[in-house]
Amino acid sequence: MQDERRSAARGGDGGGGSYRDLGWAKIDTGRPERTGAAEAVYAAGKTPEQVVGALRALREAHPGRVAVATRCDAASTAAVREAFGAEVLVESGVCAVGAFPDAEVGPLAVVCAGTSDLPVAREAEFVARANGVEARLVADVGVAGLHRLLDRVPQLREAACVIVVAGMDGALPSVVAGLVSAPVVAVPTSVGYGAAFGGLAPLLTMLNSCSPGVCVVNIDNGFGAAMAAVRMLGVKGAL
């Protein structure tokens, strides 16, 4: 493994410009100093060996912080388990290496419209917990059976932030945002029949929400929703 180097763009200005050059990737080890959270590894398109190498570089740079890889397939998950053993936790394609930090802030409610949306919701919940957020999953409360959601309103109103994951018509974030005072992060999913266009229909619904206080991340981006919530809640140094 090559030595850690300073980015030419950042120089030695103390701005968190360090990275580790692995030859095929430059792992941003200075990100915690800049943003409070470590770089995460996007495993899709990487070989299992590359995923393991990137996680190892993050763990060596910050031994006390959990290192996360998202969108891990079966081969990458197996390689990470073999490399790190009992240190590994896996949920919905996310591999986390190292002990999760104690929750600093929260609670964060992760609301899921249907069980088909659960993998994205679980990704958001898992990543939030890895970043020091107390996260609570509220599943299968879509608008087709609104009474299921209304039964959980008291719990949702306890949350400091709410992530809402939905496919199909994508109406759930607007409903939730009209019931709670906390900021709402909406996540469209690619769940739905043909006219859902792989998540485009719920994405447009969420972008056009009539309820104030809704922000929207990309289709199936549970990771991005969790990191938006982390920043809203002001977590410092969790990863």
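The values are calculated or read from the model by the stated rules, or taken from the named source; none is laboratory data. This is a predicted model, so every value here is computed, not measured. Counting neighbours? That spans all protein chains shown, and the Cβs are built from the backbone with ideal geometry, glycine included. Heavy atoms of the whole protein, side chains included, go into the accessibility calculation; ligands, DNA and RNA do not. Shrake-Rupley method; radii C 1.70, N 1.55, O 1.52, S 1.80 Å.
Would you check which residues across the stretch 41-64 are assigned to a loop (DSSP other than H, G, I, E, B) and under 15 Å from V88 (Cβ atoms) and list them? Break it down stepwise before answering.
As a first pass, look at the stretch 41-64 and keep what is assigned to a loop (DSSP other than H, G, I, E, B): 43-47, 62-64.
Across the stretch 41-64, the qualifying residue is only A43.
With the structure loaded, tell me whether V184 is touching a Leu at 6+ places or on another chain (Cβ under 8 Å), touching a residue at least 24 places away in the same chain (Cβ under 8 Å) and buried (at least 20 other Cβ atoms within 10 Å of the Cβ) or whether it fails that test. Spelling it out, it is not the case that V184 is touching a Leu at 6+ places or on another chain (Cβ under 8 Å), touching a residue at least 24 places away in the same chain (Cβ under 8 Å) and buried (at least 20 other Cβ atoms within 10 Å of the Cβ).
Test G167 against the criterion of being closer than 21 Å to L137 by Cβ, free of Cβ contacts under 8 Å to residues at least 60 places away in the same chain, open to solvent by less than 50 Å² (accessible area, probe 1.4 Å) and not charged (D, E, K, R), and give yes or no. For G167, the condition - closer than 21 Å to L137 by Cβ, free of Cβ contacts under 8 Å to residues at least 60 places away in the same chain, open to solvent by less than 50 Å² (accessible area, probe 1.4 Å) and not charged (D, E, K, R) - is met. Within the stretch 108-141, the set of residues being under 14 Å from V187 (Cα atoms) and either surrounded by 24 or more Cβ atoms within 10 Å (Cβ to Cβ) or without any contact (Cβ under 8 Å) to a residue 24 or more places away in the chain (or both) comprises A109, V110, V111, C112, A113, D117, V120, A121, E123, A124, E125. Here P63 meets each of (1) over 12 Å from A96 (Cα atoms); (2) modelled with pLDDT of 85 or more; (3) over 17 Å from the mean Cα position of the chain (by Cα); (4) open to solvent by less than 80 Å² (accessible area, probe 1.4 Å) with one exception, condition (4). Look through the stretch 36-49, keep the residues that are touching a residue at least 24 places away in the same chain (Cβ under 8 Å) and open to solvent by less than 50 Å² (accessible area, probe 1.4 Å), and return whichever of them is farthest from the chain's Cα centre (by Cα). Out of the qualifying residues, it is P48. Among the criteria (1) open to solvent by 30 Å² or more (accessible area, probe 1.4 Å); (2) under 19 Å from F126 (Cβ atoms), the one C161 does not fulfil is (1).
Just so you know, in the stretch 66-107 the residues that are assigned to a loop (DSSP other than H, G, I, E, B), open to solvent by less than 60 Å² (accessible area, probe 1.4 Å) and not β-branched (V, I, T) include one that is nearest to Y42 (Cα to Cα), and it is C72.
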